[in-house]
Amino acid sequence: MIPYGRQDILDDDIEAVVAVLRSDYLTQGPAVPRFEAAVARAADVPHAVACNSATSALHLACMALDLGPGDLLWTSPITFVASANCARYCGADVDFVDIDPQTANMCPDRLAEKLAAAKAAGRLPKIIVPVHLAGLSCDMARIGALARDYGVRVIEDASHAIGGRYHGVPVGACSHSDITVFSFHPVKIVTSGEGGAAVTRDDALAARMERLRSHGITRDPGLMTHDPDGPWYYQQLELGWNYRLTDIQAALGASQMTRLTDYVAARNRLADRYDAELGELPIGLAGRAEDCLSAFHLYVIRVVQERHRSVFEGLRARGIGVNLHYIPVHLQPYYRAMGFAEGDFPAAEQYYREAISIPLFPTMTQAMQDDVIAAIRSEIAD
Ligand SMILES: *Cc1c(COP(=O)(O)O)cnc(C)c1O
């Protein structure tokens, strides 16, 4: 089976991890800030807060923006459940904004309509979470402008998109958002095993997320309620969690980050070849957008809904490890129990009837890609 994604671990990565294992610090040592510096440099921002998953990073970001009970967060229905669950961790409610059928990203027109209606109804969201599906940035200039107009904060879920670019700047530069979150799960662009990061230009948000990552504890006397009792002293100022990344993971992540540009270039070469080789077939190809470099975490084709299931099963039977990203979040039983139902977000539901993620990873050989292309041609012809 050719998988839809696969990590790339080189000897350098292994040596970097072994060096940590032989060092004094398995956690809270120098590898974490080194990894954070690499992530901040890639996103062209002053601050990166590494944590043990993107799910934790989303939770920290929501907490740092003071999301709480009675508040509302909006995201895309076509995402991994974590983009919505972060609101529930804070006791806030979730709603969704339907997608642009072309890119499958949050549609700025639907967002504009929904914000106008929400304002009229007196229930604006506190935070919106656009998701850069498959590695392609959302239309952040428009989403950011709408958010500013309505006084809404923005967290970009860029779990798929590290190394991508939008209008001349790296994804994560936070030009139109407060915080951007990356994932370093092994299926993503670069990996630390498990891991994530929240990046921001805002000094106070970065400091707050760092503190919340480690129980809400500070060792900064300037923040304490009274002078330190002694050199051992720390204070817990608010309720946080243990969301720390280990140095073992950070060393792997930092080693992988040195190849970020090469990975994204390799993914784009493979995607361009899919565009060229599959262009004749009666299927939809990966979404593209003006002045954007997708990180191409995924390559998603669209197949007419009548053939969707049979093409999916046929490709699996031919050894092609296709997948589907994603089941609309509002149709998950947990969210249906809150009142969401079929028909709420028609573009997202139609996308779900048509989408298939085909294999794409930087170490994919031309021969593997030829097999995938041949299998898709046969299935579509059948
Ligand atoms: C993978 C993913 C996450 C969660 O990432 P973890 O690091 O596994 O917690 C969140 N959002 C999206 C869009 C993802 O693809």
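The values are calculated or read from the model by the stated rules, or taken from the named source; none is laboratory data. Predicted model only: the values in this text are computed from it and were never measured. Ideal geometry is used to build each Cβ from the backbone, glycine not excepted, and the neighbour counts take in all protein chains shown. The accessibility values were calculated without ligands, DNA or RNA, using every heavy atom of the protein model including side chains. Shrake-Rupley method; radii C 1.70, N 1.55, O 1.52, S 1.80 Å.
Overview of results
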read-out	value
Subset of the range 49-102 (residues that are within 20 Å of Arg244 (Cβ to Cβ), touching a strand residue (DSSP E or B) at 6+ places or on another chain (Cβ under 8 Å) and among the hydroxyl-bearing types (Ser, Thr, Tyr))	Ser53, Thr55, Ser56
Top-ranked residue in the range 298-328 [being among the hydroxyl-bearing types (Ser, Thr, Tyr) and open to solvent by 10 Å² or more (accessible area, probe 1.4 Å); ranked as nearest to Ile376 (Cα to Cα)]	Ser310
Tally, over the range 155-176, of residues that are more than 15 Å from the ligand (Cβ to nearest atom), without any contact (Cβ under 8 Å) to a residue 60 or more places away in the chain and buried (at least 19 other Cβ atoms within 10 Å of the Cβ)	1
Unmet criterion (only one of (1) at positive phi; (2) surrounded by 22 or more Cβ atoms within 10 Å (Cβ to Cβ)) for Gly216	(2)
Failed item, numbered, when Gly195 is tested on (1) within 16 Å of the ligand (Cβ to nearest atom); (2) surrounded by fewer than 22 Cβ atoms within 10 Å (Cβ to Cβ); (3) touching a residue at least 60 places away in the same chain (Cβ under 8 Å)	(2)
Boolean, Ser53 is modelled with pLDDT of 95 or more and within 22 Å of the chain's Cα centre (by Cα)	yes
Residue check for Leu58: of a type outside the set (Asp, Glu), assigned to a strand (DSSP E or B), surrounded by 24 or more Cβ atoms within 10 Å (Cβ to Cβ) and within 14 Å of the ligand (Cβ to nearest atom)	no
Helices (runs of 4 or more DSSP H) lying entirely in the range 259-357 (those with 2 or more residues that are free of Cβ contacts under 8 Å to residues at least 60 places away in the same chain)	260-278, 305-317, 333-336
Candidates Arg34, Arg22, Arg6 - the one that is touching a residue at least 24 places away in the same chain (Cβ under 8 Å) and either open to solvent by less than 80 Å² (accessible area, probe 1.4 Å) or more than 30 Å from His325 (Cα to Cα) (or both)	Arg34
Within the range 219-248, tally of residues that are open to solvent by less than 40 Å² (accessible area, probe 1.4 Å), outside any loop (DSSP other than H, G, I, E, B) and under 19 Å from Ser56 (Cβ atoms)	1
Condition met for Asp71 (among the charged types (D, E, K, R), touching a residue at least 12 places away in the same chain (Cβ under 8 Å) and on the phi > 0 side of the Ramachandran plot)	no
The listed residue being outside any loop (DSSP other than H, G, I, E, B) and over 30 Å from Cys90 (Cβ atoms), out of Val39, Val18	Val18
Considering residues of the range 177-188 that are surrounded by fewer than 22 Cβ atoms within 10 Å (Cβ to Cβ) and near the ligand (Cβ under 9 Å from one of its atoms) only, the residue nearest to Tyr326 (Cα to Cα)	Val187
Filtered residue count, the range 122-142, keeping only those that are without any contact (Cβ under 8 Å) to a residue 60 or more places away in the chain and surrounded by fewer than 24 Cβ atoms within 10 Å (Cβ to Cβ)	5
Lone unmet requirement of (1) over 30 Å from Ala19 (Cα atoms); (2) under 25 Å from the mean Cα position of the chain (by Cα); (3) polar (S, T, N, Q) for Thr261	(1)
Qualifying residue in the range 121-140 (condition: touching a His at 6+ places or on another chain (Cβ under 7 Å) and farther than 30 Å from Tyr4 by Cβ)	no
Where Thr79 falls short, out of the listed (1) in a helix (DSSP H, G or I); (2) within 14 Å of the ligand (Cβ to nearest atom)	(1)
